[in-house]
Amino acid sequence: MDFCNIDNIINKTHCGDCLDVMKMFPDECVDLIVTSPPYADARAHTYGGISPDKYVEWFCLRAVEMKRILKPSGSFVLNIKEKAVDGERHLYVLELILALKKQLGFRWVEEYIWHKTTSAPGKWKYRFRDAWERIIHFTKTKNFKMNQDAVKIPIGAWSNIRLRNMSNNDKVRMQSATNSGIGRKISAWEGRDTVYPSNVLHKAPITHNTGHSAPFPEWMPEFFIKLFTDEGDIVLDPFMGSGTTYKVSKRFNRKPIGIEISPECIKKTKETA
Ligand SMILES: C[S@@+](CC[C@H](N)C(=O)[O-])C[C@H]1O[C@@H](n2cnc3c(N)ncnc32)[C@H](O)[C@@H]1O
């Protein structure tokens, strides 16, 4: 297969180690990469794992290719959370962020927090239940594509009462009572039905069985696909799993590429996409 021709790559799933597969792709051909890689040996029993101590080196080998194939206007969105080892959080995610920025030259534009609104109950000896994950946004340049209006959210019921009962103070820019220098003007919200979201995304994890042990909830690729691409753009998930990014990209008229090492995952995605 001639992978220099982009038409041979898009709208397809590719079976193999994403390192080998991406090496065959041309430079700067992908608009968006959305992915959750295998977390350091967290699911060794289902799809293998990488030792936390080797994780940064393992990931960076693949991230070099991700950077090479990403367009200058593109974005790389990485969902990851460090595991706890010997009663404390391992440093591999923090070290990975530093390596992606300092060694590979990605720009670390933002870190979104996924607050899992229905996280599983439980308590552990050294910590409480884990209710959040990182979603880290990297780019190659400052001038990346971003459609902020595409992910606006309803303003919320609070505005009905708060904006109906505005005081005169609400109509001018008020300085913070703490003297922090941060001011706000409540009336700026008047007449709006929708607002921009914050970088904390309050969303539920997936609750039904997709046949994969760690699937994305669909809202996640959907949010970033709408935010960072237009119709017709190319979206890659190099650790495709059950194909959530692939299927959502297709639904929103983007051109998906999925890479996955497990032939069973490839088969299931092909059957359901
Ligand atoms: C966390 S899961 C991704 C789940 C996915 N986001 C979904 O919605 O189903 C990580 C996936 O990466 C795959 N994987 C592990 N190492 C890989 C590699 N070197 N190249 C490609 N896929 C790999 C695993 O088989 C697993 O399905």
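The values are calculated or read from the model by the stated rules, or taken from the named source; none is laboratory data. What you are looking at is a predicted structure, and each value in this text was computed from that prediction instead of being measured. A quick note on method: Cβ atoms are made from the backbone with ideal geometry, for glycine too, and the neighbour counts reach across all protein chains shown. For the accessible areas, the whole protein counts, side chains as well, though only heavy atoms, and no ligand, DNA or RNA atoms are used. Shrake-Rupley method; radii C 1.70, N 1.55, O 1.52, S 1.80 Å.
With a threshold of 28 Å on the Cα-Cα distance, the over-threshold entries among Lys71/Lys152; Lys101/Lys267; Lys23/Lys250; Lys81/Lys101; Lys67/Lys247; Lys83/Lys142 are Lys101/Lys267; Lys83/Lys142. For the stretch 247-273 versus the stretch 146-185, the inter-centroid distance based on Cα atoms is 41 Å.
For the stretch 154-195, go through all pairs of different Cα atoms, get the mean of 1/r, take its inverse, and jot down that Kirkwood value in Å. Computed over the stretch 154-195, the radius equals 11.1 Å.
Full extension of the chain between Arg251 and Glu264 gives 2.4 nm of extra length, using 0.36 nm per residue less the Cα-Cα distance.
Of the three principal axes defined by the Cα atoms of the chain, the extents in descending order read 68, 48, 39 Å.
For Arg192, project a label point 7 Å along Cα to C-beta. Then give me every residue of the stretch 157-186 with its amide nitrogen under 11 Å of that point. The answer is 185-186. Nonpolar atom fraction for the chain, defined as the carbon and sulfur part of the 1.4 Å probe accessible area, stands at 52 percent. Across the stretch 112-119, computed HN-Hα scalar couplings (Karplus, 6.51 cos²θ - 1.76 cosθ + 1.60, θ = phi - 60°) run 8, 9, 8, 7, 7, 5, 10, 5 Hz from first to last residue, x flagging Gly and Pro. In the chain, taking the dipole from charged Cβ atoms about the Cα centre, the farthest positive-side position among Ser180, Tyr112, Trp132 is held by Ser180.
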